[in-house]
Structures are given as structure tokens and as C-alpha cells.
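The values are calculated or read from the model by the stated rules, or taken from the named source; none is laboratory data. None of these values were measured; they are calculated from a predicted model. Don't worry about glycine lacking a Cβ; one is built from the backbone with ideal geometry, like all the others, and counts go over all protein chains shown. Accessible surface is based on the protein model in full, side chains and every heavy atom, while ligands, DNA and RNA are left aside. Shrake-Rupley method; radii C 1.70, N 1.55, O 1.52, S 1.80 Å.
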Number of protein chains: 2
Amino acid sequence: MRHDEIPNSAVHRLSIYLRHLEAIHVLQQRTISSKQLGQALSYSDAQVRKDLAYFGQFGHPGVGYRVEDMIRELRSILGTDKTWNVLLVGAGNLGRALMTYRGFLRKGFRLAAVFDADTAKHGRGFGELEIQPVSAIAHAVETLQIRMAMIAVPPESAQQVADMLVAAKVRGILNFAAVSLVVPPETYVQSVDLAMQLEQLSFRMNLGQIAGTTP
Amino acid sequence: MRHDEIPNSAVHRLSIYLRHLEAIHVLQQRTISSKQLGQALSYSDAQVRKDLAYFGQFGHPGVGYRVEDMIRELRSILGTDKTWNVLLVGAGNLGRALMTYRGFLRKGFRLAAVFDADTAKHGRGFGELEIQPVSAIAHAVETLQIRMAMIAVPPESAQQVADMLVAAKVRGILNFAAVSLVVPPETYVQSVDLAMQLEQLSFRMNLGQIAGTTP
């Protein structure tokens, strides 16, 4: 099994397992079985074992997984055992919300530079950073060794920003603009589609009504 | 198959199918096969057919799916064939970003009321709305017939807000606070964990390195 053949859904569950393990580690629980982990998160134990099996041997027969070891291994697999420098394009409301989002640094992501197309914003403070023109992206990527970026600009500018990031050799993009980005295969885009999240919610809320009309 | 047994991942893919169908509809494509739909989105045609089979009979043998019909059916399944009134708790940077997010209304979600705990903000304008105290939530939910809410408050206040929403009989919550919410089973929470999204990105960016050390 090549690592790039691992389904997104399995990688997503690794994040969910890690959240739960971190929570029980704080409560000083030292071991957990695949069954316990699955039950706590509404997955089958077979699903848990299958997801973990992509990454080799975890756990000890009859003992289950050692929580501390597993947290360390999952962080290593997910690449959050180190700190990533991340740049942000778009210093509007969403950009400011992302800057103050407390979850990022705790998970190993450090906002290292911020850019905006609006010349009126250039040089202004943005937390501990200063807003730079987008023409400075390539230089910042090189000097700060940045490989990851967040796009928080209006949809009509997002592709242009993505092209600049790709040209600057940014390899991973978290895209908040409600538009699909076209990038070369060696660049990975993770899109946060907020309307899609609300759609999932409305589906679940429709359930009662739909189920009532189904034999 | 009961509708509440349909996996989240399948519902998520319905949203993705719908996005693609809407895009090709604009380009005046009238029919599509499960194979074409799958190929465009990197799923197998078996996966596409299985996901749709949860909801009954789609498509015509030898013709495939009629794009327009399928858009209408998927919207009906996802509950976005109507407009939902949504309330927002938290009028900070993230709240403002959500207010101006253009994807929402297009997908059938209308921001109907906004609340904040900060008394200094009460009565201030927020787009076309006025920021209200959180004590007014129950009244607004009843008069505006709101069943869906977004939480964009700091993590330490999120559970308290969730409790108020549940008490006011809000049935669906989109949670942006980086904390797990405890709600009764009849309330559905969809969490947007931004750090988790970055984690997925760092996993994919680690791939080259990991793959290189794997036999």
C-alpha cells in the first residue's frame, strides 16, 4: 500500500482518533483497545484496525494501544510532530478570524506571513505580523521556508492567488474561497466549503420528515 | 435502509456530486453516467451508484442520469430546495466573515438573526441585522422559526451557547469553536475543525518523505 493510495476518509479519521486520544491522555488513561476507541467515536473496531493497519503495526495483543505511543505515532504520520510555517493571503474578516484561531499553534501551525492585494493595508499590523503586498509572496516563501498557505480572499481572486502560490513552490493550500482551484498534481488543495457543511446539517435535519414518508 | 443509517461520508459525497452537476448544468450538459460523474471526481462508478441507491431509483439504463432532474432530487434530499433561516452567535471576526460569505444564500441559507454576549455590541448594525443579546435567542428562534444555528464564539463559551440553543429547540448547529459540544441526540452538530483541515494537508505534504522510507 502506497501512502498516497490511503483514502482521505481514513486520514480524516486519524485526526479524529488523535483528538480523542489526546483528550483521554489528559485524563491519564494509559491504554485503549480498538473496540473502546471505536465505540467512543461511533466507528466499528474493524474500521479502527483497518485505518491503523495502513501505517504498520500498532498495539499489543490483549493490551490494546498505549495511548502515549499512539499519540506520538499519529502526530508523526500526520506531520504535526513539527511546527509548520504557514502563510495567509487575505487580511479581511476571515483572515483575522484565522489569525486569532487558537487551535492552529497548538496543532503545530504557525502563521509566519500575511499578504493582501489592497495597497491601503500594506505595512499595517496584523497580530505580530505586518501585512505585505502579494508580490512579496515568493520572497517570503523562500526566506521563511514556507510550504503551506491559507487562501482567504474573495472567490474571483482565489485562482490567481493559487497560481502565485504554486509558482512560489507552496505545496499545500487550505482554500476558504467558495471556488474550485486548478493546481498541478504535486500541489495539494484542501477546501473548506462552509455552505457544504451547512448542507450536511440540513440533510440531517430533513431526516425526520423524509423518514416519515418512507415505508 | 433507514435514512439516519446513511453514513456521513455518503452524504458528504452527495454535496460533492451536486456541486459538479450544477457546474456542468451551467455548461448545458444534459445527461451524465455514473462512470463520468465518478471519473470527474475521482470516485469509482460503483461508489456513485451505491451512494445514490440509498435514496431510491435514479437514472435510466443506457442514458445515465438527467442532470437537471438529479440536481433537483439531490437538493430535495439535502434539504436545500428551500431557504433555511439561520442564526449566528458571535459577532467577532469569524462572525463577520460568515455574514459576508457569499456561498450561503446561494445554497439556501439566510442569516436571520445575530447575537453576542458583549453588551457593548448590542444594537449595533451587522450587515442588515442588529446585534442582539444572547438572552433574546429563544424569542428569535420562535418568531423567526429558526432551526439552525452557527456558533462562532470562543471555545470556553461554546458549550453554554449550545445549551441555550438546545433549550430554544434549535435542531442543527454548525460549530466553529475548537471544542467538542455535548448535545442531546435529537440535535445534530456539524463541527468545522480548522486545525484538523490543516492536519490533513500536512499529512499529504509528508507523503513524499514517508513514501521514500517505505519499502
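Some observations on this one:
- Condition check for A:Val179: assigned by TED's automatic domain parsing to the domain that holds A:Ala117, outside any strand (DSSP E or B) and of a type in the set (A, V, I, L, M): yes
- A count restricted to region A:97-137 and to residues that are within 14 Å of chain B (Cβ to nearest Cβ) and charged (D, E, K, R) stands at 4.
- One residue stands out among those in region A:10-60 that are of a type in the set (Phe, Trp, Tyr) and more than 20 Å from A:Arg106 (Cβ to Cβ): the one that is farthest from the other protein chains (Cβ to nearest Cβ), which is A:Phe58.
- Among the conditions (1) surrounded by fewer than 19 Cβ atoms within 10 Å (Cβ to Cβ); (2) modelled with pLDDT under 85; (3) under 18 Å from the mean Cα position of the chain (by Cα), B:Met196 misses just one, which is (1).
- Residues of region B:37-87 classified as open to solvent by 20 Å² or more (accessible area, probe 1.4 Å), part of a helix (DSSP H, G or I) and among the charged types (D, E, K, R), total: 8
- Residue match in region B:165-172 (condition: assigned by TED's automatic domain parsing to the domain that holds B:Leu94, surrounded by 14 or more Cβ atoms within 10 Å (Cβ to Cβ), in contact (Cβ under 8 Å) with a residue 40 or more places away in the chain and within 20 Å of the chain's Cα centre (by Cα)): yes
- With respect to the conditions (1) over 30 Å from A:Tyr54 (Cβ atoms); (2) in contact with a helix residue (DSSP H, G or I) (Cβ under 8 Å, 6 or more places away or on another chain); (3) open to solvent by 60 Å² or more (accessible area, probe 1.4 Å), A:Leu111 falls short on a single one, namely (3).
- Residue within region A:127-139 that is exposed (fewer than 12 other Cβ atoms within 10 Å of the Cβ) and assigned to a loop (DSSP other than H, G, I, E, B) present: yes
- Residues of region A:15-33 satisfying the condition of being open to solvent by less than 50 Å² (accessible area, probe 1.4 Å) and modelled with pLDDT of 90 or more: A:Tyr17, A:Leu18, A:Leu21, A:Ile24, A:Ile32, A:Ser33
- Residues in region A:1-60 that are farther than 25 Å from B:Val192 by Cα and touching a Phe, Trp or Tyr at 6+ places or on another chain (Cβ under 7 Å): A:Met1, A:Thr31, A:Ile32, A:Phe58, A:Gly59.
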